[in-house]
Amino acid sequence: SQLPAREQVLIERRRQSLGSAYRLFYEQPLHVVRAEDVWLYDPDGNAYLDVYNNVASVGHSHPRVVAAIAQQAATLNTHTRYLGDGIVDYAERLLATFPAETSQVMFTCTGSEANDLALRLAWNATGGKGLIVSSHAYHGVTSSVAECSPAFGDGVPLGVHVRTVPPPDSYRQGPDAGKRFVEGVQAAIADLQRHGIQPAALLVDTLFTSDGVYPEPVGCLARAAEVIRAAGGLFIADEVQAGFARSGSHFWGFQRHGVVPDIVTMGKPMGNGHPIAGVVARPQIIDAFGSRVRYFNTFGGNAVSCAAGMAVLDVIRDEQLQQNALETGAYLKAGFEALAARHELIGDVRGAGFFLGVEMVRDRASKAPASVETARIVNALRQRRILISATGPAGNILKVRPQLVFAREHADMLLGALDEVLAAG
Ligand code: PMP
């Protein structure tokens with residue numbers, strides 16, 4: 001349908017002033033002016049159910065986070081070169097969610113910067129340069145992490161020191177998926193070595209979200225970590241997507257696999273929209289870096305960011321949001337499975353907690369990706385004021401990633417709308 005004149009003008013001004021690198025969601029882009037809880041509002045006051053925004057993870061404009069930011073901004077906002085209580089209080093609270101071995105944290109402003117710092121830590125600690133990532137991974141926008149983010153496609157060539165491995169695709173590979181993933185890591189290590197490149201790290205999103213959401217089989221990341229360590233490299237868990245209680249059963253995605261990483265990166269939901277991100281690592285890795293390098297990040301770990309981060313942890317605890325991700329996530333997954341029993345297009349439903357992938361296929365025998373149909377579903381749901389997107393190299397997997405405060409009534413709205421859209425064909 002035709003965009004209103006107001007939005008057409010905004011799109012044109014945006015193109016003029018921001019240039020061509022940005023992309024909008026949906027055939028009919030959505031203009032939003034405010035948000036609350038799981039709802040986004042357009043200028044006419046219409047509410048849209050947000051099933052996709054994992055940044056405002058404890059709910060859009062959560063009053064406790066807003067108050068913490070405002071109060072700290074009105075009191076003091078300085079950086080890490082002064083002594084302050086807030087950063088240390090927050091570091092200790094955050095680290096309490098981690099295994100004892102990963103006991104130090106450094107703060108950045110974005111997930112990209114966190115991964116960039118993780119690579120510097122790994123290169124420094126191992127003396128190697130080689131990186132292994134999954135075949136459709138996204139790790140961010142700095143030069144170092146863009147060149148190990150195959151999701152960018154041909155426009156951003158991979159570094160000569162980067163190798164890719166297929167994700168553990170439990171839908172197509174069945175119970176062998178974990179074994180095949182580990183064999184892929186082994187092959188990538190061998191290829192790096194054959195080219196005279198010493199492996200520095202295996203870097204993976206612990207839910208393989210950009211690859212298409214592959215939470216199973218649990219344990220394969222533990223075996224992959226053993227393999228990379230045996231080759232002198234480190235295991236880096238990118239928790240930008242999976243972290244902060246999203247997987248329901250655990251606070252961090254790597255914990256589902258029973259592995260202790262050498263380095264963990266995090267961002268997105270950490271400040272509920274305020275830009276704070278970080279790197280947690282074993283202290284010997286940080287020591288090896290800190291003894292040689294001075295690290296100062298002007299905004300990373302500033303007092304307001306730490307107040308936001310602390311409020312997010314408080315809300316997750318006090319509102320029992322990990323439990324909600326577990327319970328309502330299971331309810332939602334069962335709902336998709338019930339839809340799969342009635343709609344041939346749904347080939348697979350997988351996920352953990354509030355991170356689900358609903359894979360659409362042309363037919364269930366060939367499992368050929370139903371990419372065009374998935375794009376149509378995403379846009380049809382947007383017309384019904386439900387906001388979702390798709391993932392995977394073929395864009396045929398609905399990425400269901402609601403806020404941690406998503407309730408059963410919201411799940412029912414989503415499931416009912418998807419049912420109607422699928423029935424309409
Ligand atoms: N890692 C993963 C797994 C991500 O999904 C993203 C962002 N989509 C990043 C890193 C980069 O984070 P940021 O956009 O905050 O730089």
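When only the Cβ of Lys, Arg, Asp and Glu is charged (+1, +1, -1, -1), the dipole of the stretch 1-132 relative to its Cα centre reaches about 460 debye.
Compared with the direct C-alpha span, the chain from residue 383 to residue 343 gains 12.3 nm at full extension, assuming 0.36 nm per residue. Qualifying trypsin sites (Lys or Arg not before Pro) in the stretch 159-246, where qualification requires a DSSP coil assignment and no more than 13 other C-beta atoms within 10 Å, are lacking entirely. Beyond 39 Å, what percent of the Cα pairs of the chain remain? Percentage above 39 Å: 18. Under a Gaussian network description of the chain, with springs only between Cα atoms under 10 Å, the residue in 50, 169, 89 that fluctuates furthest is 89.
Restricting attention to the chain, close to 60% of DSSP beta bridges with both partner residues there are antiparallel.
Charge tally around residue 328: other residues with Cβ under 11 Å, Lys/Arg +1 each, Asp/Glu -1 each, net -1. Springs between Cα atoms under 10 Å define the GNM used for the chain, and in it the highest mean-square fluctuation of 261, 99, 215 occurs at 99. Between the residues 144, 196, 215, the greatest Cα displacement towards the positive end of the dipole of the stretch 129-234, with unit charges on the Cβ of Lys, Arg, Asp and Glu, is found for 196. For residue 138, what is the net charge nearby, where nearby means another residue's Cβ is under 10 Å from its Cβ and Lys, Arg count +1, Asp, Glu -1? Result for the neighbourhood of residue 138: -3. Of all aspartates and glutamates in the structure, the ones whose alpha carbon falls short of 15 Å from that of residue 333, not counting any fewer than 8 places away in one chain, are 216, 348, 359, 409, 412, 419. If you take the charge dipole of the stretch 63-318 about its Cα centre, with +1 on Lys and Arg Cβ and -1 on Asp and Glu Cβ, which of 70, 105, 155 is farthest toward its positive end? Selected residue: 105. The order of the peptides 383-392, 111-120, 6-15 by mean Cβ neighbours within 10 Å, most packed first, is 111-120, 383-392, 6-15. For the stretch 64-81, putting each phi into the Karplus relation 6.51 cos²θ - 1.76 cosθ + 1.60 with θ = phi - 60° gives couplings of 5, 6, 4, 5, 5, 5, 5, 5, 5, 4, 7, 9, 6, 9, 10, 9, 7, 9 Hz, in residue order, rounded to whole numbers and with x for Gly and Pro.
Relative to one another, the C-alpha centroids of the stretch 198-241 and the stretch 295-317 are positioned 26 Å apart. If only the Cβ of Lys and Arg carry +1 and only the Cβ of Asp and Glu carry -1, the dipole of the stretch 1-61 around its Cα centre is close to 340 debye. Arrange 143, 134 by Cβ neighbour counts within 10 Å, fewest through most, would you? So the residues, fewest neighbours to most, are 143, 134. As a proxy for reagent exposure, 80, 209 were ordered by neighbouring Cβ count within 10 angstrom, fewest first; the result is 80, 209.
Each Lys and Arg Cβ is given +1 and each Asp and Glu Cβ -1; about its Cα centre, the chain then shows a dipole of about 700 debye.
Suppose a student asked you for the relative contact order of the chain, using Cα pairs under 8 Å spaced at least 6 residues apart; what percent would you report? About 21 percent, as a whole number. Between 217, 393, 63, the residue with the greatest mean-square fluctuation in the GNM of the chain (Cα pairs under 10 Å linked by springs) is 63. Dividing the C-alpha radius of gyration of the stretch 293-425 by 2.2 N^0.38 Å, with N its residue count, gives 1.29. With semi-axes defined as the square roots of five times the eigenvalues of the C-alpha gyration tensor, the equivalent ellipsoid of the stretch 1-129 measures 37, 22, 16 Å, largest first. For residue 390, the residues whose amide H sits under 5 Å from its own are 399, ignoring neighbours fewer than 5 places away on the same chain, with H placed 1.01 Å from N. Which pairs, out of 268/367; 179/268; 179/367; 367/399, put more than 23 Å between their alpha-carbon atoms? Checking Cα-Cα distances, 268/367; 179/268 exceed 23 Å.
Among 310, 413, the ranking by other beta carbons within 10 Å of each residue's beta carbon, starting with the fewest, stands as 413, 310. For the stretch 249-301, the list of trypsin sites (Lys or Arg not before Pro) that fall in a loop by DSSP and count at most 15 other C-beta atoms within 10 angstrom reads 292, 294.
Each of the peptides 336-347, 21-32 was scored by the mean count of other Cβ atoms within 10 Å over its residues; in descending order, highest first, they stand as 336-347, 21-32.
We did not get these values from a lab; they are worked out from the coordinates using the rules stated. Only a predicted model underlies this, so the values are computations on that prediction, with no experimental measurement involved. Cβ coordinates were reconstructed from backbone atoms using ideal geometry, including for glycine residues, and neighbour counts include every protein chain displayed.
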